[in-house]
Amino acid sequence: MSAATLPPAPDTTLRQLTVADRCDRCDAQAWLKTIDRAGLDLLWCAHHGRVHLPAFPDQGLEVVVDEREYLRAAPNPSEDAD
Ligand SMILES: [Zn+2]
């Protein structure tokens, strides 16, 4: 009767980023995608995304994909591994 207490896991089939998308800083799995003023995209792992997120506006970066909500559903959430 207590099995329904956990919230449902996010539907990972809706993800835009895959395990093949890697952080441009450290090559870990990417969970964020930004575009700069020139339209070039950058991929960020959860660690580097979290560290650099406050500076994105000053750097002219706009977050267009943020899939960190799926981290808890990932089979091996090693997002802080550098
Ligand atoms: Zn990274």
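Cβ separations smaller than 7 Å between residues 6+ apart or across chains give the following pairs from the stretch 61-80 residues that are on the phi < 0 side of the Ramachandran plot to residues that are at pLDDT below 85 and outside any helix (DSSP H, G or I): GLU69/PRO10; TYR70/PRO10; LEU71/PRO77; LEU71/GLU79; ALA73/ALA9; ALA73/PRO10.
So if I check each of THR34, THR5, THR13, which one is of a type in the set (Ser, Thr, Tyr) and crowded, with 18+ Cβ neighbours inside 10 Å?
Values: THR5 fails: crowded, with 18+ Cβ neighbours inside 10 Å; THR13 fails: crowded, with 18+ Cβ neighbours inside 10 Å.
Answer to the check: THR34.
Under the condition of being more than 13 Å from the ligand (Cβ to nearest atom) and acidic (Asp, Glu), which residue from the stretch 1-44 is farthest from GLN59 (Cα to Cα)? For the stretch 1-44, the residue satisfying everything is ASP11.
Check the stretch 47-54 and report whether any residue there is in contact with a Cys (Cβ under 7 Å, 6 or more places away or on another chain), more than 16 Å from TYR70 (Cα to Cα) and within 16 Å of the ligand (Cβ to nearest atom). Quick ask: steps written out before the conclusion?
If we filter the stretch 47-54 for residues that are in contact with a Cys (Cβ under 7 Å, 6 or more places away or on another chain), which is where we start, we get 48.
Going one step further and asking which of them are more than 16 Å from TYR70 (Cα to Cα), we end up with 48.
Still in the list and also within 16 Å of the ligand (Cβ to nearest atom): 48.
Among the residues of the stretch 47-54, at least one is in contact with a Cys (Cβ under 7 Å, 6 or more places away or on another chain), more than 16 Å from TYR70 (Cα to Cα) and within 16 Å of the ligand (Cβ to nearest atom), which makes the answer yes.
Do you know which of the residues in the stretch 55-82 that are away from the ligand (no atom under 12 Å from the Cβ) and touching a helix residue (DSSP H, G or I) at 6+ places or on another chain (Cβ under 7 Å) is modelled with the highest pLDDT? Walk me through how you get there before you give the answer.
Initially, the stretch 55-82 is screened for residues away from the ligand (no atom under 12 Å from the Cβ), giving 55-77.
Now drop any that are not touching a helix residue (DSSP H, G or I) at 6+ places or on another chain (Cβ under 7 Å), which leaves 68, 70-71, 73, 77.
Values: ARG68: 93, TYR70: 87, LEU71: 85, ALA73: 66, PRO77: 51.
It comes out as ARG68.
The values are calculated or read from the model by the stated rules, or taken from the named source; none is laboratory data. The structure presented is a predicted model; accordingly, all values stated were derived computationally and were not measured. Please note: Cβ atoms are built from the backbone with ideal geometry, for glycine as well, and neighbour counts cover all protein chains shown.
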